[in-house]
1. Run down 45, 25, 84 and say which single residue is of a type outside the set (Gly, Ala, Ser), within 20 Å of residue 164 (Cα to Cα) and modelled with pLDDT of 95 or more.
2. Can you go through 65, 56 and tell me which one is under 16 Å from the mean Cα position of the chain (by Cα) and either modelled with pLDDT of 95 or more or not charged (D, E, K, R) (or both)?
3. Does the stretch 111-121 contain at least one residue that is over 16 Å from the mean Cα position of the chain (by Cα), surrounded by 14 or more Cβ atoms within 10 Å (Cβ to Cβ) and among the small types (Gly, Ala, Ser)?
4. Scan the stretch 57-112 for residues that are in contact with a Cys (Cβ under 9 Å, 6 or more places away or on another chain) and acidic (Asp, Glu) and jot them down.
5. Quick one: count up the residues across the stretch 44-79 that are touching a strand residue (DSSP E or B) at 6+ places or on another chain (Cβ under 9 Å) and under 14 Å from residue 119 (Cα atoms).
6. If we keep just the residues of the stretch 113-171 that are hydroxyl-bearing (Ser, Thr, Tyr) and assigned to a loop (DSSP other than H, G, I, E, B), which is nearest to residue 87 (Cα to Cα)?
7. Being out of contact with any Leu (no Cβ under 7 Å at 6 or more places or on another chain), at positive phi and assigned to a loop (DSSP other than H, G, I, E, B) is the requirement here; does residue 74 meet it?
8. In this structure, is residue 34 β-branched (Val, Ile, Thr), over 13 Å from the mean Cα position of the chain (by Cα) and part of a loop (DSSP other than H, G, I, E, B)?
Amino acid sequence: MIRLLAPIAAAILFTACATPAPDPTASAKLLSTTGSTTSGEVTFTQKGDKVLVTGEVRGLKPNTEHGFHVHEKGDCSSGDGMGTGGHFNPDGKAHGAHGTGAHHAGDLPNLKADASGTARFSFESNTIAVGSGVANVVGRGLIVHRDPDDYKTQPTGNSGPRLACGVISKR
């Protein structure tokens, strides 16, 4: 009987081992800072050496752009989002535009609100990671700012007060 079951057990183990692991994923629920009505959800999915960032942010001023950054600390307890510290910058680079030249790992593209004040987005980043390495965003803060990032003012991009704050957590 055992000799008959051994091949079946081996096939089950092989199949279980052959199933690829799911892509590492993290998410952040953005909650309004004091005096703001901005909120949203963002997902980070590791896809090889890039991270797919997707989400929706609501309660923005219609037809405007807003700075969007991963910050050093996952602490939204202060009410104004300042507990998250500065931009996530494990490589010590100057602030700049995501995807072009040197920039903080946490420098993400500006969010663009539509006529109803909602920003829906999907982009890839090769400067952040989900779950491992120095560029790991899990446990970091995620901030939506009132103003657009100008991509040149050091060290923050002159993007103004923090409208929404979230902590990036592994799913």
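1. Answer to the selection: 84.
2. Among 65, 56, only 56 is under 16 Å from the mean Cα position of the chain (by Cα) and either modelled with pLDDT of 95 or more or not charged (D, E, K, R) (or both).
3. Looking through the stretch 111-121, at least one residue is over 16 Å from the mean Cα position of the chain (by Cα), surrounded by 14 or more Cβ atoms within 10 Å (Cβ to Cβ) and among the small types (Gly, Ala, Ser).
4. The answer is 75, 80.
5. Summing the residues that are touching a strand residue (DSSP E or B) at 6+ places or on another chain (Cβ under 9 Å) and under 14 Å from residue 119 (Cα atoms) in the stretch 44-79 gives 14.
6. Result: 156.
7. Answer is no for this residue.
8. Spelling it out, residue 34 is indeed β-branched (Val, Ile, Thr), over 13 Å from the mean Cα position of the chain (by Cα) and part of a loop (DSSP other than H, G, I, E, B).
The values are calculated or read from the model by the stated rules, or taken from the named source; none is laboratory data. All of these numbers come straight from a predicted model, not from anything done at the bench. Every residue, glycine as well, gets a Cβ built from its backbone with ideal geometry; the counts of neighbours run over all protein chains shown.
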